[in-house]
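One structure is given below, encoded as structure tokens.
The values are calculated or read from the model by the stated rules, or taken from the named source; none is laboratory data. The structure displayed is predicted, hence computed values, not measured ones. Note that we place each Cβ from the backbone using ideal geometry, even for glycine, and neighbour counts take in every protein chain shown.
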């Protein structure tokens, strides 16, 4: 009996020792990574700082009418919520297939996201919104049968989702970018069992960020708490401040995260949300009068509970949806936000009549994460003008009238000198030609017989160096560009 008791004591002692070692290793891992991190976001008053310096330091946007507007301390951003998207529902998964390989691949989605990030950054984009439950893959949805969530039903984390998240946060850290990390989306929260699971999910997600040592992440508890589709009461506007407070109080080695939440377009956050949040999130969807954007910022700042903190619009689709707005230096929600010292965020998705155009949008799945459409280019052009950034070159292809003969490459904008690493021609997601310089023409005759006999997609990819970082830009992806009847289909 005594020997058995001693054996049990030895086993328990060893188990405690192992737990101690694991905890110590985890703490060391977090500290080591925190020391390695290159980007640290902080908030001072109503301004964002990166590594102790205000964003866009000393920058004023000068308009053609001679006006100047300060942008120092703002955080221009874009809604890129599908960066870790996957669909675990076998009944709906097939609808997200890439058009070139006719299959869905979540790792490709994240890899192409990471590949494109530097091309956004060179235009002056310092932030983007990523969500652990994504967003509607059709822009706006009434039903949500897919299963796209980084959380299990009990609030624990799904490893594959978090591995993809880590890849994106790592690249953002390298590029000096801030990630607005959303936790919940109203089309997915029903997959968590109850309020305990919601609390667990917040705790697990925030602790994961801190344990990884990320210092470039700020938290959006949920997307649009005012939308009636949320199943859990604690995710609705009258109680979500409880989660904001809880998330802010989670610490690791003295570090914590800045936290907020968002409401639907045009909605003013409640006093409790304003008071609890470290920064105030605004959405501009549905706000067709740019002067109303200014009024929303003014109304928030006049609240008795408001103290100096940043205002950030991180979702607005009106400049491109409302043809009366557009992308000039007046008359749209973007410039109205800038003029009222409010950060602004681009929201682009494929509308129902655009679902087959893979080059459009940053939310329709599968996503082309490149600046691959006119309205993407319009946003980034105006962003470059406001921030004084050089941007990246735009690539367009012109196909010879003789089928399968020559592709001409047009390049516009970007830096005056481009240090080329690689220039490639891609067919059906496979590199078929590589050069160490930008080719003005591509002789396609050697590939034509194999390619033209089947459904095919063609683009070019340029990889170059900017500020010692690799930038990848691509042309739009062209479907069956030489097919004489406007597009070949196996159907």
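Mind listing whichever residues of the stretch 177-210 are surrounded by 24 or more Cβ atoms within 10 Å (Cβ to Cβ), more than 20 Å from the chain's Cα centre (by Cα) and in a loop (DSSP other than H, G, I, E, B)?
192
Right, residue 213: surrounded by fewer than 23 Cβ atoms within 10 Å (Cβ to Cβ), part of a loop (DSSP other than H, G, I, E, B) and touching a residue at least 40 places away in the same chain (Cβ under 8 Å) or not?
So residue 213 fits the description; yes.
Given (1) in a helix (DSSP H, G or I); (2) in contact with a helix residue (DSSP H, G or I) (Cβ under 6 Å, 6 or more places away or on another chain); (3) surrounded by fewer than 16 Cβ atoms within 10 Å (Cβ to Cβ), where does residue 164 come up short, assuming only one miss?
With (1) in a helix (DSSP H, G or I); (2) in contact with a helix residue (DSSP H, G or I) (Cβ under 6 Å, 6 or more places away or on another chain); (3) surrounded by fewer than 16 Cβ atoms within 10 Å (Cβ to Cβ) applied to residue 164, the lone miss is (3).
Inside the stretch 16-129, counting only strands (runs of 3 or more DSSP E) that do not spill past its ends, which hold 2 or more residues that are surrounded by 23 or more Cβ atoms within 10 Å (Cβ to Cβ) and modelled with pLDDT of 95 or more? Lay out the reasoning, then the answer.
Working: elements: 41-44, 47-50, 60-62, 68-70, 77-79.
So the answer is 77-79.
Out of all the residues in the stretch 327-352, which are in a loop (DSSP other than H, G, I, E, B) and within 14 Å of residue 287 (Cα to Cα)? Before the answer, list the steps.
First, the residues of the stretch 327-352 that are in a loop (DSSP other than H, G, I, E, B): 327-332, 340-342, 344, 347-351.
Within the stretch 327-352, 331, 332, 344, 347 meet the criteria.
Restricting to the stretch 279-300, and then to whatever is in contact with a strand residue (DSSP E or B) (Cβ under 8 Å, 6 or more places away or on another chain) and part of a loop (DSSP other than H, G, I, E, B), can you tell me which residue is farthest from residue 260 (Cα to Cα)?
Applying the filter and picking the extreme gives 287.
Inspect all residues belonging to the stretch 401-412 and state whether any of them is at positive phi, in contact (Cβ under 8 Å) with a residue 40 or more places away in the chain, touching a strand residue (DSSP E or B) at 6+ places or on another chain (Cβ under 8 Å) and outside any helix (DSSP H, G or I). Break it down into steps so the answer makes sense when it comes.
Narrowing the stretch 401-412 to residues at positive phi: 404.
Of the ones still in play, those that are also in contact (Cβ under 8 Å) with a residue 40 or more places away in the chain are 404.
Of the ones still in play, those that are also touching a strand residue (DSSP E or B) at 6+ places or on another chain (Cβ under 8 Å) are none.
So far as the stretch 401-412 goes, no, none of its residues is at positive phi, in contact (Cβ under 8 Å) with a residue 40 or more places away in the chain, touching a strand residue (DSSP E or B) at 6+ places or on another chain (Cβ under 8 Å) and outside any helix (DSSP H, G or I).
From the list 280, 300, 268, exactly one residue is farther than 15 Å from residue 79 by Cβ, without any contact (Cβ under 8 Å) to a residue 40 or more places away in the chain, buried (at least 20 other Cβ atoms within 10 Å of the Cβ) and not assigned by TED's automatic domain parsing to the domain that holds residue 410. Which is it?
One residue alone meets the criteria, 280.
Farther than 25 Å from residue 42 by Cβ and in the same structural domain as residue 156 (by TED's automatic domain parsing): does that describe residue 236?
On the way: farther than 25 Å from residue 42 by Cβ: yes; in the same structural domain as residue 156 (by TED's automatic domain parsing): yes.
So residue 236 fits the description; yes.
Can you find, within the stretch 303-330, the residue that is farthest from the chain's Cα centre (by Cα) among those that are more than 22 Å from residue 264 (Cβ to Cβ) and surrounded by fewer than 16 Cβ atoms within 10 Å (Cβ to Cβ)?
Selected residue: 304.
Within the stretch 133-151, is there a residue that is within 16 Å of residue 370 (Cα to Cα) and not in a helix (DSSP H, G or I)?
no
If you go through the stretch 426-475, how many residues are modelled with pLDDT of 95 or more, touching a strand residue (DSSP E or B) at 6+ places or on another chain (Cβ under 7 Å), in a loop (DSSP other than H, G, I, E, B) and surrounded by 13 or more Cβ atoms within 10 Å (Cβ to Cβ)?
Residues flagged as modelled with pLDDT of 95 or more, touching a strand residue (DSSP E or B) at 6+ places or on another chain (Cβ under 7 Å), in a loop (DSSP other than H, G, I, E, B) and surrounded by 13 or more Cβ atoms within 10 Å (Cβ to Cβ) within the stretch 426-475 amount to 3.
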